[in-house]
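Student: Structure incoming, see below.
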């Protein structure tokens, strides 16, 4: 397995990047893993099945390489965020860059929202 690992929330299409198992354990919930609520790929497009175990509760089982399913998950997430992917991603760095651009766009959108309090 090669980090970063990309994890999709299957019910929302949200795609997240994790740089370590520790980061995954800090964010993901065991019950959601047990309920199969995530799909996961590593930096080379290998598909992983997330499971739980003790004492480290995330266990990652490698399944196969499927770069296209990672790109499909990225496209679905970008669509839900109304973000246009201009260049076909061909590496983990490309996927990371697109995720960063989506996060930046979302931060800029929220900073201009009517509900945000501004200093007088």
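Student: Any chance you could give the angle, 0 to 90 degrees and rounded to 10, that helix 67-80 forms with the longest Cα principal axis of the chain?
Tutor: On a 0 to 90 degree scale, this one is about 30.
Student: On to the next question. How far apart, in nm, are two points set 7 Å out from the Cα along the Cα-to-Cβ line at residue 29 and at residue 57?
Tutor: The two pseudo-label positions are separated by 1.0 nm.
Student: Next up: Ranked from highest to lowest mean number of other Cβ atoms within 10 Å per residue, what is the order of the peptides 80-90, 64-74? Write down the numbers at each step before the final one.
Tutor: Details: 80-90: 11.7, 64-74: 16.3.
Ranking the peptides 80-90, 64-74 by packing returns 64-74, 80-90.
Student: Residue separation times 0.36 nm, minus the C-alpha to C-alpha distance between residue 80 and residue 19: what's the value?
Tutor: Working: separation 61, 0.36 × 61 = 21.96 nm, distance 2.37 nm.
Result for the pair: 19.6 nm of gain on full extension.
Student: Between residue 2 and residue 64, 0.36 nm times their residue separation minus their Cα-Cα distance comes to what? Mind dumping the intermediate values first?
Tutor: Working: separation 62, 0.36 × 62 = 22.32 nm, distance 1.32 nm.
That works out to 21.0 nm of additional length.
Student: Further question on the same structure: Quick one: helix 92-111 against the long Cα principal axis of the chain, what's the angle to the nearest 10°, folded into 0 to 90?
Tutor: Value to nearest ten degrees: 40.
Student: For the chain, modelled as a Gaussian network with Cα springs under 10 Å, which listed residue fluctuates most, 27, 38, 77?
Tutor: Of 27, 38, 77, the most mobile in the Gaussian network model is 27.
Student: So what's region 1-43 giving for Rg/Rh, alpha carbon basis, Kirkwood Rh from the mean inverse pair distance?
Tutor: Working: Rg = 9.8 Å, Rh = 10.4 Å.
So for region 1-43, dividing Rg by the Kirkwood Rh gives 0.94.
Student: Then there is this: Determine, at each q value in 0.17, 0.21 (inverse angstroms), the log₁₀ of I(q)/I(0) that the Debye formula gives when each Cα of the chain is one equal point scatterer.
Tutor: Once normalised to I(0) and log-transformed, intensities are -0.85, -1.17.
Only the coordinates and a few stated rules stand behind these numbers; no lab work does. Everything numeric in this text was worked out from a predicted model, so none of it was measured. Cβ: placed from backbone, ideal geometry, glycine included. Neighbour counts: every protein chain shown.
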